[in-house]
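Here's the structure, in structure tokens; my notes come after.
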Amino acid sequence: MKNQAVRLLCCWVVGGAVLVVLSAAPTLADPQTDYMLHCRGCHGPDGSGAPGAAPSFRGQVAKFLWVPGGREYLIRVPGTAQSELSDARTAALLNWIVHEFSAEEIPADFIPYAEGEITRHRRLPLTDVVATRAALIRAIQAQASAAPGLPARRRASP
């Protein structure tokens, strides 16, 4: 009877520990893990995207930080805005994506995304993602042609 009680107690303790770890798991995730779980399916493990389906992040995503509205666009795109991640984890993930896939294009005055900024912008869904993206890309191209040869890391965000 004593052995059975000890086994039962051990099972209870181990089971409780497992529940504690599992309940804490969402807060233990790091941005790279969040990318693999929430973004990789469309944008690929290396951020190269899928032609016609999901844009590449490689050498591109930080360019949106060059132009007015681009920063907010990265928050409001459906994959970000509709993510189940908390605002804090979304901010950390966006910062990771920018640095991981587009570090050379980050403007010199880049301020990392913060939880409050995500909270303010992600609840405003984009009604026309394609048109918004096209307008931002035109603005990015104009910005790039205005300062040819200037390394992007030195370029100040407007």
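The values are calculated or read from the model by the stated rules, or taken from the named source; none is laboratory data. Every value quoted in this text rests on a predicted model; they were computed, and no experiment measured them. Note that we place each Cβ from the backbone using ideal geometry, even for glycine, and neighbour counts take in every protein chain shown.
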### Task
Could you list all residues from segment 104-134 that are polar (S, T, N, Q) and modelled with pLDDT under 95?
Thr127
### Task
Could you grab the pairs with beta carbons closer than 7 Å, sequence gap of 6+ or different chains, first residue in segment 118-147 and farther than 20 Å from Asn95 by Cα, second one at pLDDT below 95 and surrounded by fewer than 16 Cβ atoms within 10 Å (Cβ to Cβ)?
Val129/Pro78
